[in-house]
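The values are calculated or read from the model by the stated rules, or taken from the named source; none is laboratory data. These numbers were taken from a predicted model, which means no experiment stands behind them. Neighbour counts run over all protein chains shown; Cβ positions are idealised from the backbone, glycine included. Surface areas here come from the heavy atoms of the whole protein model, side chains and all, with no ligands, DNA or RNA. Shrake-Rupley method; radii C 1.70, N 1.55, O 1.52, S 1.80 Å.
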Amino acid sequence: AVKDVYSALSASRHGEDMKYVRGQYAARRALEIAAAGGHNILMIGPPGGGKTMLAKCLPSILPDMTAEEMLETTKIHSVAGKLGTDEGLITSRPFRSPHHTASRIALTGGGSNAMPGEISLAHNGVLFLDELPEYSRQTLEILRQPVEDGKITVSRASRSVDYPARFMLVASMNPCPCGNYGSQTAECTCTPAQINKYLSKLSGPLIDRIDIHIEVGNVTYDELSGDTDGEDSATVKARVDAARTLQTKRFEGTGIHCNAQMSAADMRIYCKTDEESERLLRSAFMKLGLSARAYTRILKVARTIADLDGSENIMKKHVAEAVQYRSLDRSYRL
């Protein structure tokens, strides 16, 4: 009973509870996989589908912070002057959501003293970018280094500082300027040229660095008006914690904390596939025209799906589900 009370308090303190998300079963599943493996995720869909609410639910299903993570996060917030006067140790994973009008310096850090920015303040937590194409392309390209390396270098005339920036990137976007491209309930009023201009801000290299792409469609009236709640965050978090425990044992002593952080050498050891899975991967690679980076993302996500399944080996069904989360960059021609 005490554990249940703690879980409820934890969910309310860390964000929205998953049980209040109506419908969106595929998106809920993708969010669970992202949390279990520390994967970046992009949600694409029309306005009002629940993308922002899903993002706000993520902190409630992430694993609890370790003592080391608490200290790291507290140091960064202290250096940035973001630590409250009555706040000692930060014990909740950060959830940073800078507006799309935020300056480059606000995101990366800088100023005369090379202070940390939003990217570093999200270390060990979540960086949520709502309406991704609304950010300037220059701002988005800044994300490529920290997403890949887990750190960002802030250089000024007087000093150059490396700040840690290992966060989960969670982004949302409409499929077009009006938001109705591909919708079954509303007509898109955008021209092909307008859609291409809207999507052109998202470069291929950036999209390749986002492990999971998921469509978030409109919710039906019956789903909204139903009395039955979905699974709560505590139930989902229990599965996420179990998968993370497997990863902790797997990567013990390596400095890696989750599947998303695996190097190419690690993947050779932990992401072996059987003949059936290999054939499926080859077919997806050829048909979708995937890059080498997208290929590694599929394998990492498949490893996480296998962990959630309690499977020691990556099987064909795990690869098949992982491939589904890479198809959006081709269907939307990003």
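Here the accessible area is traced with a 1.4 Å probe on the protein chains. For the chain, carbon and sulfur cover 51 percent of it.
Only one residue of P205, T185, I152 has its Cα farthest out toward the positive end of the dipole of the range 118-251, where Lys and Arg carry +1 and Asp and Glu -1 on Cβ, and that residue is I152. Given axes a ≥ b ≥ c from the Cα gyration tensor, I'd like to know whether the range 30-122 is rounded (a/c under 1.5), prolate (a/b larger than b/c) or oblate. Note, shape of the range 30-122 comes out oblate.
When +1 charges are put on Lys and Arg Cβ atoms and -1 charges on Asp and Glu Cβ atoms, the dipole computed for the range 115-265 relative to its Cα centre reaches about 980 debye.
Shape index of the range 138-266: Rg/Rh, with Rg the Cα radius of gyration and Rh the Kirkwood radius from the inverse mean 1/r over Cα pairs, equals 1.06. What base-10 log of the normalised intensity I(q)/I(0) is obtained for the range 160-210 from the Debye formula, alpha carbons as equal point scatterers, at q = 0.15, 0.22, 0.31 Å⁻¹? Log10 I(q)/I(0), no solvent term: -0.58, -0.90, -1.17.
Here is the size of the range 194-313 from its Cα atoms: Rg then Dmax, 18.0, 50 Å. Per residue, the accessible area of the chain comes to 48 Å², computed with a 1.4 Å probe over protein heavy atoms only. Simple rule: put +1 on each Lys or Arg Cβ and -1 on each Asp or Glu Cβ in the range 268-328, find the dipole, and look at S291, Y325, L308; the Cα lying farthest toward the positive end is S291.
What translational diffusion coefficient, to the nearest whole µm²/s, does the range 131-183 have by Stokes-Einstein, given a Kirkwood radius computed over alpha-carbon pairs, a temperature of 37 °C and 0.692 mPa s viscosity?
So the translational diffusion coefficient is about 246 µm²/s.
Could you work out [θ]222 nm for the chain from helices alone, using -39500 (n - 2.57) per DSSP H run of at least four and dividing by all its residues? Round to the nearest 500 deg cm²/dmol. Intermediate results must be reported in sequence, preceding the final value.
Working: 17 runs with 154 residues, N = 334.
The helix-only estimate for the chain comes to -13000 deg cm²/dmol at 222 nm.
Between beta-carbons, use under 11 Å as the cut-off and find the net charge around R96, counting Lys and Arg +1, Asp and Glu -1. Mind dumping the intermediate values first?
Details: positive: K82, R93; negative: E118.
Here the count lands on +1.
Annotation: average projected area of the range 114-202 is 7.0 square nanometres, based on the convex hull of Cα atoms across all directions.
Treating the beta-carbon of each Lys and Arg as +1 and of each Asp and Glu as -1, no other charges, what is the dipole magnitude of the chain about its Cα centre, to the nearest 20 debye? Can you show the working numbers first?
On the way: 41 positive and 40 negative charges, 223 e Å.
Around 1080 debye, computed over the chain.
Counting only Cα atoms, the chain measures 50, 48, 47 Å along its principal axes, largest extent leading.
Dipole magnitude for the range 136-203: about 280 debye, using +1 per Lys or Arg Cβ and -1 per Asp or Glu Cβ, origin at the Cα centre.
Here is the list for the range 220-308: trypsin sites (Lys or Arg not before Pro) lying in DSSP coil, each with at most 16 other C-beta atoms within 10 angstrom of its C-beta, are K272. Of C190, C176, C57, the residue with the greatest mean-square motion in the GNM of the chain, using alpha carbon springs below 10 Å, is C190. Cα centroids of the range 222-266 and the range 157-194: 24 Å apart.
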